[in-house]
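The values are calculated or read from the model by the stated rules, or taken from the named source; none is laboratory data. All figures in this text were calculated on a predicted structure; none of them were measured in a lab. Note: ideal-geometry Cβ built from the backbone for every residue, glycine included; neighbour counts use all protein chains shown. Note: areas computed on protein heavy atoms with side chains; ligands, DNA, RNA excluded. Shrake-Rupley method; radii C 1.70, N 1.55, O 1.52, S 1.80 Å.
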Amino acid sequence: MSKSVDAVVIGGGIIGLSNAYWLAKRGLSVVLVEAGDLVAGTSARCDGNNYICDTAPGEITQTMRLAVSEVENLVKNELDEDVDWIENGMFTLAEDEEQFEQAKKQCREKQEDGVKCRMVDSRELHEAEPHLAPDIYGAIEFTEGGSLSPILFGFALGKKVEKLGGEIQRFTRVTGIERNPDGSVGKVLTDKGDILTKNVIDAAGVWSPGIGKMVGVDIPVTMMKGDILVAESDVKVSNRYVCEIGYNFLRNDMKLDGEDAVRQKYGIGFLTEPTGADNSLIGFSKYPGTDTGTNFEVTRAMAKRAIRFYPMIADVNIIRTYAGLRPWSPDHEPIISKTAVPGFYVCSGHCGSGIAYGPLSGKLIAQMILGEAADVNMDRYNLYRFNN
Amino acid sequence: MSDITKTGFLNSAELREAGRYPSEERLAKGPTAVIECCQNIPCNPCETACRFGAITVGDPITNLPVLDESKCVGCGVCITKCPGLAIFVVDKSKDMATVSFPFEYLPLPEKGDTVKAVDRAGQYVCDARVLRVNNAPANDSTPIVTIEVPKELSDDIRSIRRLNLSEEDEKAELLKIDDWSAVPDDLVVCRCEEVTAGDIKKAIAEGAATVEGIKKRTRAGMGLCQGRTCSKLVSRILGSQTGMKADEIKPDTARMPIKPVSFGVYKE
């Protein structure tokens, strides 16, 4: 006999685990189905920062604040395991006076949205980050949020889901979704048996379009690759999460050459953050790609960018490079939505903010399934917003 | 002709053809070194080890060593100095030939033992008697075993079976030695990240089913050496705990740059 549950979550990354967590917490019986191991895809190949620094002003920034507060609440009050939460603030660096003026504008906008941030001049910046290149002009400091290890976060969420009575079926592949005569979701078929359910949440990230196809739902999520370089743990590069503001001024329509053209081609900018294991992660890149191998051209451009901001890093070892595939949505906002198929929900397309948005996304899906009012305006996250 | 890229060695006919085997006249006079090195790698301890100047590598250091058989006295010092264990001493001066070879396995055979002689491929050739086991401190833990074999087989016999058992029994015994199920919990498996066998067993108990799954749960293999030291041990422990066979366990994904290189290297 097939088992029967209130909801089936497809995908064992941070998004799927967050959904399973909220559904179980709200008293629903839930099975999470994952084709491989937990946190084995995009969630294991990202950084884990949860800061509110570069979101558009207004509602999007407000939602991001809510999302980050959900992460913090989980990490500090709900999960039973340490996830290497680092709460040390962050700097958005301005290379010169012109960028500093842009930074001031960004800082003002964020302050108007209630985000805790302030401008920091060169002297204070270099006192806080002694290895920074001397010519870096200044920075915005953000003091809300923090960073974590997405892998530890995922496993901790998985344990919590099971503690709350949820079931996790790893190494189980979804082979189809059967619908009832009225068109609604009825059964999830897997290579390890069928599961009867009225609710299916597609949280398969970059693979979510394939799951959508099983019920005829078109999900416009594509793969956007990103590389990270890992520095050895013997040397402390930065004391906190640090990124550059200049990346935002590198537009696709600019005619550039040399190194700038490589940066433009692969969407390369600088960030670094210390991890709980005392390595430094160096980012970042952003370009369409479907494999998780790293390539020399990108690694080199990222390494050069890192040396520009932290010259001492030239003598530090890279021990590993990795790349992940962000589930990209056309307007860079996640899809957290009901669909034309009753009982089939999409929670995907979180772009580069899946860790920060995961817990809130799960909460919002649970609210939808329970028929409650959502914490935020859901129109922005509706699957069909792209049709207009 | 065998294909060295598939077998990993040159046979005696190929060595002869390449002019890299002592002459029969020299072998008939007494012990002589047989240098079976066939890799042009930067390596010359054999040259400096020979007190009689019988071995020449010269410049460049990637040359293959050349033996001057008139100078060689068959002392066997070079056997212990060759990191590739590619040097032997053969003596065809008496009714029975002798073959001396490096043997870095325990337990060592003892003088007078009857052992199972094998060829370069490790295949059984014949039974043989052990004449000498030389494990002097100067050998630096590379014992030399000398066995007595029929002359006509002495060009092919190059070692003995490790445990002196039949092939089947030996395989079974070696698998027993390779049993990691009783590995002590406090054994440090990943030195870079200080992960113990106990941590790894715990991760397996919590559901890790791959080397990568163990890595994600424990950080074994995430340190400076990127698992070059520990990943084989991790997969053996995984096998011993789950019953998975070695060929069912996928190795961890290798990530560039494989060996640590500085950011500065990428600048140019």
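Peptide B:251-257 has a mean shielding of 5, counted as Cβ atoms of other protein chains within 10 Å of each residue's Cβ. Note on A:H131: accessible area approximately 80 square angstrom, rounded to 10, probe 1.4 Å, nucleic acids and ligands left out.
Kindly express, to the nearest 10 degrees and within the range 0 to 90, the angle between helix B:167-177's C-alpha long axis and the longest C-alpha principal axis of chain B. The angle comes out at about 40 degrees. Partner aspartates and glutamates whose Cα lies under 19 Å from the Cα of A:K338, excluding those fewer than 8 positions away in the same chain, are identified as A:D6, A:E178, A:D182, A:D202, A:D218, A:E372, A:D375, A:D379. Straight Cα distances below 13 angstrom link A:K265 to the aspartates and glutamates A:D253, A:D257, A:E297, with same-chain residues fewer than 8 positions distant left out.
Take the accessible area of chain A alone and of chain B alone, subtract that of the pair, and you get about 2500 Å² summed over both chains, using a 1.4 Å probe. Per residue, the convex hull spanned by the Cα atoms of the protein assembly as shown amounts to 213 cubic angstrom.
Which lysines, on any chain, are close to B:K176 with Cα under 25 Å apart, when same-chain ones fewer than 8 places away are left out? Leaving aside lysines fewer than 8 places away in the same chain, those within reach of B:K176 are B:K116, B:K201, B:K202, B:K232, B:K245, B:K250. Taking Lys and Arg as +1 and Asp and Glu as -1, the other residues whose beta-carbon sits under 15 Å from that of A:V33 total -4. Taking the longest Cα principal axis of chain A as reference, the axis of helix A:97-112 is set at about 40 degrees.
Pairs of Cα atoms nearer than 8 Å and 6+ residues apart set the relative contact order; for the range B:4-164 it is 21 percent. Computed from Cα positions, the angle between helix A:150-163 and the longest principal axis of chain A comes to roughly 30 degrees. Carbon and sulfur together cover what percent of the accessible area of the protein assembly as shown at a 1.4 Å probe radius? On the protein assembly as shown, the fraction of accessible area on carbon and sulfur atoms equals 50 percent. Distance between the C-alpha centres of the range A:230-282 and the range B:232-259: 33 Å, rounded to the whole angstrom. Take each residue in A:30-38, count the other chain C-beta atoms within 10 Å of its C-beta, and the mean is 2.
Surface analysis of chain A yields an accessible area of 39 Å² per residue, using protein heavy atoms and a 1.4 Å probe. Sparse packing (at most 15 other Cβ atoms within 10 Å of the Cβ) combined with a DSSP loop state is found for none of the GluC sites (Glu not before Pro) in the range A:215-264. Ordered by solvent-accessible area of protein heavy atoms (1.4 Å probe), largest first, the residues B:T253, A:T61 come out as B:T253, A:T61. Helices in chain A, meaning DSSP H runs of at least 4 residues, each add -39500 (n - 2.57). Divided by all residues, the mean residue ellipticity at 222 nm is -8500 deg cm²/dmol.
Rounded to the nearest 500, the helix-only mean residue ellipticity at 222 nm of chain B stands at -6500 deg cm²/dmol, with each DSSP H run of n ≥ 4 adding -39,500 (n - 2.57). Expressed as a fraction of 2.2 N^0.38 Å, the value expected for a compact globular protein of N residues, the C-alpha radius of gyration of the range A:118-256 is 1.63. Per residue of peptide A:309-321, the mean number of Cβ atoms on other chains within 10 Å of the residue Cβ is 5. The Cβ shell under 11 Å around B:D95 holds other residues with a net charge of +2, Lys and Arg each +1, Asp and Glu each -1. Please build a GNM for chain A, connecting alpha carbons under 10 Å apart, and tell me which residue among A:L256, A:L79, A:L132 fluctuates the most. Highest fluctuation of the listed residues: A:L256. Net charge in the neighbourhood of A:D6 (other residues with Cβ under 14 Å of its Cβ; Lys, Arg +1, Asp, Glu -1) is +4. Given in Å, the Rg to one decimal and the Dmax to the nearest whole number for the Cα atoms of the range B:4-164 are 14.8, 44. Remark: relative contact order (chain A) = 24 percent; criterion is Cα-Cα distance under 8 angstrom and separation of 6 or more residues.
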